[in-house]
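A short reminder: the numbers here are calculations on the coordinates, not readings from a lab. Every value quoted in this text rests on a predicted model; they were computed, and no experiment measured them. Note that each Cβ is placed from the backbone with ideal geometry, even for glycine, and that neighbours are counted across all protein chains shown.
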Amino acid sequence: MKIKVCGMRDKENVKSLIALKPDFVGFIFYDKSKRFVTDFPQIQFPDETKKVGVFVNESIEDVLTIVETNKLDFVQLHGDESSEYCENLRHLERSRKVVSFGIIKAFSVDENYDFNNTKQFKNYCDYFLFDTKGKDYGGNGIKFNWELLKNYKGETPYFLSGGIGLEDKDKLLSFLSNKEAKRCIGIDINSGFEIEPGLKNINDIKEFKNNLV
């Protein structure tokens, strides 16, 4: 099971995190977020840890500029981006050949969410991410009913997100043992492991990772 730690910002905190060799580290490039990255940490990342830039309704040109400047491995789209947006982003990623990156599309889930909405994105995205629907873009720090994911019939692998904390490890192990979770390839964690916005509790993440991986 892959671990993605999102909302990182502090250079020394990031150094401590990558010592744990998480699969993905996320940086939020959305200026309304409390975890907005103003100065990207200039750190040598191990090859097995992928850098993810999180964007919300950003122009494609600005996304590409940030990706190229910071040598990001993945783009995570956490706003109202359409499938056409994803198609165009994928086309430009392949045609420019400056930096190759994957695409993660986030979807906000509640009791009324129709998972058929994801079908139009499947040809352009490497992964999906299912988060809790709320008033804020980029995550609200609360969980949704994971049982709803039995309604996801797609083939695109996904990350589970939304207010996950250390106390959820047993519940997660139970969820991941069900056949309905076969497409879940990773857990996205953020606010549930924070000392303050953008600063993570590394010991808690280590314990969480050791229990799931």
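Below are the figures for this structure:
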{"quantity": "Inter-label distance for Glu61 and Glu167, nm, one decimal - labels placed 7 Å from Cα along Cα-to-Cβ", "calculated": "4.8"}
{"quantity": "Prolate/oblate/rounded call for the stretch 112-213, Cα gyration tensor, a/c under 1.5 rounded", "calculated": "prolate"}
{"quantity": "Evaluated at q = 0.14 Å⁻¹: base-10 log I(q)/I(0), Debye formula over Cα of the stretch 164-213", "calculated": "-0.37"}
{"quantity": "3J(HN,Hα) from dihedral phi, the stretch 147-153, Karplus parametrisation 6.51/-1.76/1.60, rounded to Hz, x for glycine, proline", "calculated": "4, 4, 5, 5, 7, 7, 10"}
{"quantity": "Two-decimal log10 I(q)/I(0) for the stretch 32-74, as the Debye equation yields it once each C-alpha is a single scatterer, q = 0.33 Å⁻¹", "calculated": "-1.37"}
{"quantity": "Theoretical gain in end-to-end length, Lys21 to Lys133 [0.36 nm per residue, Cα-Cα removed]", "calculated": "37.4 nm"}
{"quantity": "Net charge dipole size for the chain [Lys, Arg +1 and Asp, Glu -1 on Cβ; Debye, nearest 20]", "calculated": "540"}
{"quantity": "More than 21 angstrom apart: percent of Cα pairs within the chain", "calculated": "51"}
{"quantity": "Contour minus Cα-Cα distance for Phe45 and Asn211 (0.36 nm per residue)", "calculated": "57.4 nm"}
{"quantity": "Ellipsoid equivalent to the stretch 1-69 - semi-axes via the Cα gyration tensor, in Å", "calculated": "21, 13, 12"}
{"quantity": "Rounded Å value of the spacing that divides the Cα centres of the stretch 80-134 and the stretch 154-193", "calculated": "19"}
